[in-house]
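Input: a single structure, listed below in structure tokens.
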Amino acid sequence: MNRGQVLLVDDDPVIRQSTTLWLQMAGFGVIACDRAREALTHLNEHFPGVVVSDVRMPEMDGLQFMQEARAIIPELPVILITGHGDVDMAIGAMRDGAYDFIEKPFVPERLVETINRACEKRLLVLENLRLQQDLASRSGIDAKIIGISPAIQKLRRDILKYAALNTNVIIYGETGSGKELVAQCLHEFSPRSERNFVPINCGAIPENLIETELFGHEAGAFTGAAKKRTGKFQHADGGTLLLDEIESMSASLQVKILRSLQEGVIEPLGSNKQVPVDLRIVAASKADLSVEENFRQDLYYRLNVSCLYLSPLRERIEDIPLLFEYYARQAATQHGRDLRRITRQDLSNLQQYAWPGNVRELKNIAVRYALDDMLPVADLIYPETAIEPLSNQRLESALPLAAQVANFEYKVICDALQQHKGNIKAVMEMLDLPRRTLNQKMVKYQIDRSQFIDSAGE
């Protein structure tokens with residue numbers, strides 16, 4: 001198993017050879033170099049690993065090498081190997097972008113642990129870069145219906161097929177699964193795209209108003225009808241009308257819609273004149289209309305020329321990282337913010353969650369993530385377990401004691417890192433913790449120090 005790639009730089013042949021052997025036994029691929037200049041030739045933006053470099057080297061020392069390496073790959077994790085007298089210098093190097101430093105003589109297990117975390121960070125950066133490039137390269141329907149799952153790939157093909165047929169379509173899907181977006185795509189990629197796309201939510205309009213919303217009315221048709229109003233059917237003439245939540249429509253209104261579809265005309269309230277309309281109906285429903293007790297079967301058969309089924313998000317978890325990246329980046333750009341890095345723990349939480357609200361819920365979480373500099377995804381998805389300020393923390397919390405203690409430790413460490421701008425030595429002094437203990441807790445709680453350094457503009 002290859003746990004990641006390590007570019008090892010050390011001019012001491014004994015240390016270089018023994019470290020190489022140890023890392024290979026731990027499952028890492030190793031490129032070993034005795035000079036920094038040689039090591040630089042192995043770096044490019046797609047380099048999939050991390051750098052481990054001695055500080056004291058001839059020609060070019062580890063600090064200069066780190067600067068040149070990060071000029072090639074700005075987010076490259078660089079781990080410095082230092083002598084005891086170089087610790088203060090190494091701490092300064094961390095402020096300049098070093099991932100971590102290990103003091104000589106080092107414990108091999110400690111080095112492996114640090115490299116493993118650094119490799120995970122590097123692979124996550126590459127994954128985020130791949131997602132960004134994927135989104136940027138999309139065009140046409142690929143830019144509208146985002147995802148890589150087989151279900152989404154089939155959906156895109158079906159949309160293009162049915163869009164060209166100009167037939168009525170029923171879209172089935174759970175709440176928040178994107179039925180209106182699919183209807184928009186059916187319109188946009190159809191011969192009707194130059195005319196209006198008109199959506200109406202049948203369940204959101206009171207019964208006494210929906211008929212005039214759909215068919216319009218003449219002035220004086222009823223009390224309060226001061227002037228003539230054009231209905232949605234007429235407004236969508238030549239284009240597409242989306243009837244969302246059509247299963248909530250009353251039986252009497254179903255009859256009128258069926259007649260309009262059969263005859264191609266509408267009759268506004270208060271008028272004896274029939275108005276011809278040419279439009280495509282797209283119906284959207286959470287329920288199966290073929291067995292819905294209150295839905296007219298003759299209207300169902302009129303609409304059921306083509307069908308599209310939208311899979312819930314929980315059944316296509318491979319689409320979640322791409323969708324989350326898309327909506328989070330969109331929100332960050334809209335509000336002029338830099339998007340913080342999505343961690344592996346964040347991605348794991350996203351893909352383990354059931355998403356009862358589907359893509360709509362994911363979009364809301366992504367927007368909140370983009371606008372909040374601190375909260376991890378888990379606290380956004382499960383707000384009832386989020387860490388609260390001590391002043392209003394509820395003692396009667398249902399969380400186990402261990403979970404409450406963990407939440408408290410997490411917040412204290414994050415606050416200290418924020419206060420000292422990622423300075424590990426200052427955090428150790430403030431919390432009276434040895435470095436090993438602090439490292440263990442940061443690993444346990446998935447705390448990435450670089451987020452606090454970046455937030456300080458360093």
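The values are calculated or read from the model by the stated rules, or taken from the named source; none is laboratory data. These numbers were taken from a predicted model, which means no experiment stands behind them. FYI the Cβ positions are ideal-geometry reconstructions off the backbone, even for glycines, and counts take in every protein chain you see. Side chains are part of the model used for accessible areas, which takes the heavy atoms of the whole protein and leaves out ligands, DNA and RNA. Shrake-Rupley method; radii C 1.70, N 1.55, O 1.52, S 1.80 Å.
Which sequence of Glu103, Glu218, Glu194 reflects their accessible areas, 1.4 Å probe, from the largest down?
Values: Glu103 75, Glu218 50, Glu194 160 Å².
The ordering from most to least exposed comes out as Glu194, Glu103, Glu218.
At a Förster distance of 51 Å, what's the computed FRET efficiency of Ala354 paired with Asp432, Cβ-Cβ distance as r, to 0.05?
On the way: r = 42 Å, r/R0 = 0.81.
Efficiency, rounded to the nearest 0.05: 0.75.
Report Met374's accessible area, 1.4 Å probe, all protein chains in place, as a number in Å² to the nearest 10.
Result for Met374: roughly 70 Å² accessible.
Subtracting the Cα-Cα distance from 0.36 nm times the residue separation, let me have the gained length for Lys273 to Ser193 in nm, one decimal.
Working: separation 80, 0.36 × 80 = 28.80 nm, distance 2.83 nm.
The Lys273-Ser193 span can extend by a further 26.0 nm.
Quote the accessible area belonging to Cys202 in square angstrom, nearest 10, computed with a 1.4 Å probe and with ligands, DNA and RNA left uncounted.
Accessible area of Cys202: about 10 Å².
Quick one: compute a quarter of the convex hull surface over the Cα atoms of the stretch 263-370 and quote it in nm². If you can, show how the numbers build up before the last one.
Details: hull surface 45.9 nm².
The Cα convex hull of the stretch 263-370, projected and averaged over all directions, gives 11.5 nm².
Show the residues, 5+ positions off or on another chain, whose built amide H is closer than 5 Å to the amide H of Val30.
Val6
Using all C-alpha to C-alpha distances in the chain, build P(r) with 20 Å bins and read off the rounded percent in each one.
Over the chain, the share of Cα pairs per 20 Å bin runs 20, 39, 25, 14, 2 percent.
If I take R0 = 35 Å and measure r between the Cβ atoms of Gln334 and Leu160 in this structure, what FRET efficiency does the formula 1/(1 + (r/R0)^6) give, to the nearest 0.05? Working shown, then result.
On the way: r = 29 Å, r/R0 = 0.83.
That pair, Gln334 with Leu160, gives E of 0.75.
Simple spin-label model, 7 Å along Cα-to-Cβ: Thr175 to Asn201 in nm?
Taking the simple label geometry, Thr175 and Asn201 are separated by 1.0 nm.
Which value, in Å² rounded to 10, gives the accessible area of His235 with a 1.4 Å probe and all protein chains present?
Accessible area, nearest 10 Å²: 100 Å².
Counting only heavy atoms of protein chains, what accessible area per residue, in Å², does the stretch 175-222 have with a probe of 1.4 Å? Working shown, then result.
On the way: 2220 Å² over 48 residues.
On a per-residue basis, the stretch 175-222 sits at 46 Å².
Under the rule of -39500 (n - 2.57) per DSSP H run of 4 or more residues, summed and divided by the residues of the chain, what mean residue ellipticity at 222 nm is obtained, to the nearest 500 deg cm²/dmol? Before the final figure, lay out each step's value.
On the way: 20 runs with 218 residues, N = 458.
-14500 deg cm²/dmol, from helical runs alone.
Note the angle between two axes, namely the Cα long axis of helix 358-371 and the longest principal axis of the Cα atoms of the chain, as a number of degrees from 0 to 90, rounded to the nearest 10.
Around 50 degrees separate the two axes.
Taking all protein chains together and a probe of 1.4 Å, list Val427, Val125, Val305 from the most accessible to the least accessible. Could the numbers behind the result be given before it?
Working: Val427 0, Val125 20, Val305 85 Å².
Per-residue accessible area, sorted high to low, gives Val305, Val125, Val427.
Grab the Cα-Cα distance for Asp288 and Glu263, subtract it from 0.36 nm times how many residues apart they are, and report the gain in nm with one decimal. Mind dumping the intermediate values first?
Values: separation 25, 0.36 × 25 = 9.00 nm, distance 2.58 nm.
Gain on extension, Asp288 to Glu263, equals 6.4 nm.
So what's the angle, to the nearest 10 degrees on a 0 to 90 scale, between helix 251-263 and the longest Cα principal axis of the chain?
80
Please report the carbon-and-sulfur percent of the accessible area for the chain; probe 1.4 Å, protein heavy atoms only, DNA, RNA and ligands left out. Please list the in-between numbers first.
Numbers: 11470 of 22630 Å².
Result for the chain: 51 percent of the exposed heavy-atom area is carbon or sulfur.
On a 0 to 90 degree scale, rounded to 10, what angle separates helix 320-334 from the longest Cα axis of the chain?
Helix 320-334 and the main axis of the chain meet at about 90 degrees.
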